[in-house]
């Protein structure tokens, strides 16, 4: 029997937020940058209960806001979106297809985060690119590369968060 560790999930999300703040500026190309925190949120909250997942998504988003350079609040909304999508996807997942399904969820969460960031910058009166240019040159490559990155590291993240316990019924 496997169960999820909330403490391990929170540590994974916090470590990803720190890595996102330190490493991500050096890996940015135009509008694209890896969203390590969103990847960690999706894979860390997928085995958790709904309330735990949403709270951990909000925690990760606040860390992303506090350590990042975007407008404050975009990361929190992006973390909530990622956690909500991950909990809904984990309700229908099958054993063995978790990485593929959660990589798709990462793609949706990254697209939502990018659109939220563009909308927030536009509402704040900051300069924003045209939506079509941003969708093709920013959101699409961002989604594809982050989903691929999530697929590659997803199995490892799931192994970290899940704890194997032995019950007396299985013996």
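The values are calculated or read from the model by the stated rules, or taken from the named source; none is laboratory data. For clarity, every value in this text was computed on a predicted model and none was experimentally measured. For neighbour counting, all protein chains shown are included, and Cβ atoms are generated from backbone atoms with ideal geometry for every residue, glycine included.
Does residue 62 meet the test of being under 24 Å from residue 140 (Cβ atoms), in contact with a helix residue (DSSP H, G or I) (Cβ under 8 Å, 6 or more places away or on another chain) and assigned to a helix (DSSP H, G or I)? Answer is no for this residue.
Just checking: which of the helices (runs of 4 or more DSSP H) contained wholly in region 73-171 hold 2 or more residues that are in contact with a helix residue (DSSP H, G or I) (Cβ under 6 Å, 6 or more places away or on another chain) and either buried (at least 21 other Cβ atoms within 10 Å of the Cβ) or at pLDDT below 90 (or both)? Lay out the reasoning, then the answer.
Details: elements: 74-90, 98-123, 131-134, 140-161.
Correct list: 74-90, 98-123, 140-161.
The listed residues are 56, 64, and the only one of them that is crowded, with 18+ Cβ neighbours inside 10 Å, farther than 18 Å from residue 34 by Cβ and modelled with pLDDT of 90 or more turns out to be 56.
Could you check region 46-59 and list, in sequence order, the residues that are more than 9 Å from the chain's Cα centre (by Cα) and in a helix (DSSP H, G or I)? Show your work before the answer.
From region 46-59, those more than 9 Å from the chain's Cα centre (by Cα) are 46-56, 58-59; that's our starting set.
Residues satisfying the conditions are 50, 51, 52, 53, 54, 55, 56, 58, 59.
Just one of 77, 102 is at negative phi and without any contact (Cβ under 8 Å) to a residue 40 or more places away in the chain; which is it?
Numbers: 102 fails: without any contact (Cβ under 8 Å) to a residue 40 or more places away in the chain.
Among 77, 102, only 77 is at negative phi and without any contact (Cβ under 8 Å) to a residue 40 or more places away in the chain.
Inspect region 17-33 for any residue being surrounded by fewer than 23 Cβ atoms within 10 Å (Cβ to Cβ), modelled with pLDDT under 95 and part of a strand (DSSP E or B) and give the result as yes or no. Within region 17-33, one or more residues are surrounded by fewer than 23 Cβ atoms within 10 Å (Cβ to Cβ), modelled with pLDDT under 95 and part of a strand (DSSP E or B).
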